[in-house]
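Q: Before I ask anything, here is the structure I am working with.
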Amino acid sequence: MGSVEKYFELVDQNQQQFIETLREVVAIPSVSCDASRRGDVVRMGEWLQARWEAAGAVCKRVEPGKQDLHGVELDLPPVILGQYGNDPAKKTVLVYGHYDVQPALLEDGWDTDPFTLVETDDRLIGRGSTDDKGPVLGWLLCVETHKQAGIEMP
């Protein structure tokens, strides 16, 4: 079996685990504009940094400073910088994404708890699943699956 086929076979095999991982990150209410949730934003950054490092990335946490949030001075959420690989013969790809989310309440029109991933009509619904935790997680799962398949990143 060719390497691309092996990769996609693993993607199919790991589909439920990918969903469970998304469920795990959606459950972290990393609402950056809510001072009471700032710890959750930090926890989400720590989760990402740990997973990227476990995948082989070299990561650095940057503390960008302070902010005044409705009269409360808070540390800004940390920025997680990572580098995966360092082969000078390969092209550099920059991936950006944020791991915080906007507030979400049932009163806002959610049919279910926004921080509980729900599978309905072949869709996955949960705060951050498309903006932007899901896409950020997609890059991580791509790298992890390449490693699992024994395939070097292009």
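Q: What are the pairs, 6+ residues apart or on separate chains, where a residue within region 10-24 that is touching a residue at least 12 places away in the same chain (Cβ under 8 Å) has its Cβ under 8 Å from a residue that is small (Gly, Ala, Ser)?
A: Close Cβ pairs (under 8 Å, with a partner that is small (Gly, Ala, Ser)) amount to LEU10/ALA149; LEU22/GLY126; LEU22/SER129; LEU22/GLY134; ARG23/GLY126.
Q: So which of LEU48, LEU22 ends up being hydrophobic (A, V, I, L, M, F, W, C) and either in contact with a Lys or Arg (Cβ under 8 Å, 6 or more places away or on another chain) or modelled with pLDDT under 95 (or both)?
A: Among LEU48, LEU22, only LEU22 is hydrophobic (A, V, I, L, M, F, W, C) and either in contact with a Lys or Arg (Cβ under 8 Å, 6 or more places away or on another chain) or modelled with pLDDT under 95 (or both).
Q: Now for a separate question. I'd like to verify a number: residues in region 51-69 that are out of contact with any strand residue (DSSP E or B) (no Cβ under 8 Å at 6 or more places or on another chain) and touching a residue at least 24 places away in the same chain (Cβ under 8 Å), how many?
A: Of the residues in that region, 4 qualify.
Q: Restricting to region 63-93, give me the number of residues that are touching a helix residue (DSSP H, G or I) at 6+ places or on another chain (Cβ under 8 Å) and more than 30 Å from GLU144 (Cα to Cα).
A: Residues that pass the stated criteria total 5.
Q: Looking only at region 1-26, count how many residues are in contact with a strand residue (DSSP E or B) (Cβ under 9 Å, 6 or more places away or on another chain) and closer than 14 Å to ARG123 by Cα.
A: Final tally of qualifying residues: 3.
Per-residue answers, yes or no, for (1) modelled with pLDDT of 95 or more; (2) not polar (S, T, N, Q):
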residue	(1), (2)
GLY2	no, yes
GLN15	yes, no
PHE18	yes, yes
PRO64	yes, yes
LEU69	no, yes
LEU76	yes, yes
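Q: Considering (1) within 14 Å of the chain's Cα centre (by Cα); (2) more than 20 Å from ASP132 (Cα to Cα), say which one ILE19 fails and leave the rest.
A: (2)
Q: A further question on this structure: Considering each residue of region 36-61, count those that are in a helix (DSSP H, G or I) and either more than 14 Å from VAL101 (Cα to Cα) or in contact with a Phe, Trp or Tyr (Cβ under 8 Å, 6 or more places away or on another chain) (or both), and give that number. Even if it seems obvious, please write down each step before you answer.
A: So the first thing to find is which residues in region 36-61 are in a helix (DSSP H, G or I), and the list is 36-54.
Adding the requirement that they be either more than 14 Å from VAL101 (Cα to Cα) or in contact with a Phe, Trp or Tyr (Cβ under 8 Å, 6 or more places away or on another chain) (or both) leaves 41, 44-54.
Of the residues in region 36-61, 12 are in a helix (DSSP H, G or I) and either more than 14 Å from VAL101 (Cα to Cα) or in contact with a Phe, Trp or Tyr (Cβ under 8 Å, 6 or more places away or on another chain) (or both).
Q: Then there's this: So, in region 14-31, how many residues would count as being part of a helix (DSSP H, G or I), open to solvent by 30 Å² or more (accessible area, probe 1.4 Å) and more than 15 Å from CYS142 (Cβ to Cβ)?
A: Residues in region 14-31 being part of a helix (DSSP H, G or I), open to solvent by 30 Å² or more (accessible area, probe 1.4 Å) and more than 15 Å from CYS142 (Cβ to Cβ): 4 in total.
The values are calculated or read from the model by the stated rules, or taken from the named source; none is laboratory data. Just so it is clear, the model here is predicted, and its values are computed rather than measured. Because the Cβ atoms are built from the backbone with ideal geometry, glycine has one as well, and the counts that use them run over all protein chains shown. Side chains are part of the model used for accessible areas, which takes the heavy atoms of the whole protein and leaves out ligands, DNA and RNA. Shrake-Rupley method; radii C 1.70, N 1.55, O 1.52, S 1.80 Å.
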